[in-house]
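A short worksheet on the structure shown next.
Every number in this text was worked out from the coordinates using simple rules, so none of it is lab data. A quick note: this is a predicted structure, and the numbers were derived from the prediction, not measured. For neighbour counting, all protein chains shown are included, and Cβ atoms are generated from backbone atoms with ideal geometry for every residue, glycine included.
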Amino acid sequence: MLVVSCAAEFMVVLDASVVNVALPAIQAGLGFDPTGLQWVVTSYALVFAGFLLLGGRLADLYGRRRVFLAGLLVFTAASVAGGLAVSPAMLVISRGVQALGAAVLAPASLTILTTTFTEGPRRVRALAIWTALASAGGAAGSLLGGVLTEYLTWRATLLINLPIGAIALLLAARALTGDRSESRRTPGYGADGGEPTRRLDMPGAVAATVGLVALTFAVSGAHARGWSSSTTLAALAVAVVGLAVFVADEGWWSPTPLVPLRLFRLRAIIVGNVAMLLAGVTLMPMWYFLSLYMQLSLHLSALDTGLGFLPHTLVTVLVGAWLAPRLMARIPARTLLAAGSLLAAAGFWWQSRIAPTDTYLSGVLGPAVVMSVGCGLLNTPLTTLVTSGVAGDDAGAASGLMNSTKQVGGALGLAALLTVGAAATSTGHLEQGDPAELIAAFSTAFAVMALLMTAVAVLAAVLPAPRHQRCDSGTR
């Protein structure tokens, strides 16, 4: 179950980044305009974020095995449709459907771990492997995307999921045993504590997704249109209404809310998800900006850009899977989270000091090592802290909320950072402009990432310790 869960999360994160290196080729092949190109990435992140809450609840209500297999099937089929796209609209829609499958798959994979491994050292080790492979998926996506784009075509970055998905389906069907959600007297279950009503909160999921898409659309185009334009104001109004409907639905209307309000009685849920939001704002857009920097400013090929991400991959996996769980056995999770966040912030700040005369060795490699050590150290304690103390019946909802928060941060962060970076160019687009303007835009974006990652370190001090660490401390 550990292998299958990690493989699924690796695929989901891989596809969030595999198209980054291929973006210039996609733009040329399908005729994307500079403003529309970001939606190849953003459509995946937004639909993923909006439906992760629903996906997490599906695992609680219908069983992990059934939901896991369904999500994997949708994900694979949509990947094939995207690889065969003949227009920008077809590709963006396919990426959205692909994200819908991923939104079901990702929380199911985490729920399998949190319900299989009880809180303690074994769960820490399992989560360390899961988070390390998730981080590796982001970096490996850039490498794989570069190889496939250079030697085959950008379409291969999506079609590669067909053989991978088929193998994963066979392994999952054999490894995962059937299960039924335990009967409890919680919203969504029968009054006698028997069979669950299995009613899904589709209005909540749709309202959340509409609100997030509208908000991202408003932020991403605000620089070009202006904050006072009718289009921007209309999008903001739709965002406010959508998110207000979501909150009302969760609090009063839905008998089976995607996010039960009882979760927010836990300080780990509130503070941990704020920290996860800020981490998502930095960690996900990082791949987008580094890919553009290496191709547009350093003039590396797609293959060389993919190879340029190898240090990020190797260091993150080594630190996250091997070093972080060993340090967590000796160091409080909050301390390790703060240290990792500060290291990552230092790496982003170093990356922001790039100059037009820099090469890959002077402008990328050094910051890559520092930020990757930091990211490898912070991922495992943050995931452990956010999921600590959650009851088994709410494990899917908590997993969906955590993943959704990270994806929301990534989508909104990318839109906001693109707007901030575009303000440094005369054309208003990062894909265009002279070298000095591009360097200024990238530098500004990485400096903002450094500040936000510093805020994650501050929040670490407010997070409660995991239950098993509190017990150990009391015993000593």
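Quick notes on this structure:
- Under the convention that each Lys and Arg Cβ holds +1 and each Asp and Glu Cβ holds -1, the size of the dipole of the chain around its Cα centre is about 1400 debye.
- The mean sequence distance of close C-alpha pairs (under 8 Å, at least 6 residues apart), as a share of the length of the chain, puts its relative contact order at 24 percent.
- Extension gain from Asp434 to Arg267, taking 0.36 nm per residue of separation minus the Cα-Cα distance: 55.4 nm
- Kyte-Doolittle mean at least 0.0 and Cα axial length at least 24 Å: DSSP H helices in the chain: 39-62, 64-83, 88-116, 121-151, 202-225, 230-248, 267-292, 333-351, 366-386, 395-422, 435-460
- In this simple spin-label model, placing a label point 7 Å from the Cα along the Cα-to-Cβ direction at both Thr153 and Trp322 gives a separation of 4.0 nm.
- Among Thr380, Phe75, Val448 - extreme Cα towards positive end, dipole of the chain, charges at beta-carbon: Thr380
- Sites matching trypsin sites (Lys or Arg not before Pro) across region 263-338 that sit in DSSP coil, with at most 12 neighbouring C-beta atoms within 10 Å: Arg330
- Projected label distance in nm at Leu170 and Leu73, using a 7 Å step from Cα toward the beta-carbon: 1.8 nm
- Computed lengthening from Val80 to Trp253, 0.36 nm per intervening residue step minus Cα-Cα distance: 58.5 nm
- Dividing the alpha-carbon radius of gyration of region 278-327 by the rule-of-thumb value 2.2 N^0.38 Å gives 1.37.
- Altogether, the Stokes-Einstein calculation at 25 °C and 0.890 mPa s, with the Kirkwood radius of region 238-344 over Cα pairs as Rh, returns a diffusion coefficient of 138 µm²/s.
- Rounded, prolate or oblate (a/c below 1.5 giving rounded, otherwise prolate when a/b exceeds b/c) for region 201-255 by Cα gyration tensor: prolate
- Packing around the peptides 140-149, 105-114, 57-66, taken as the average count of other Cβ atoms within 10 Å per residue, puts them in this order, highest first: 105-114, 140-149, 57-66.
- Protection proxy ranking of 281-289, 377-385 - average other beta-carbon atoms within 10 Å, highest first: 377-385, 281-289
- Estimated FRET transfer efficiency (Ser230, Thr357; beta-carbon r; R0 45 Å; 0.05): 0.55
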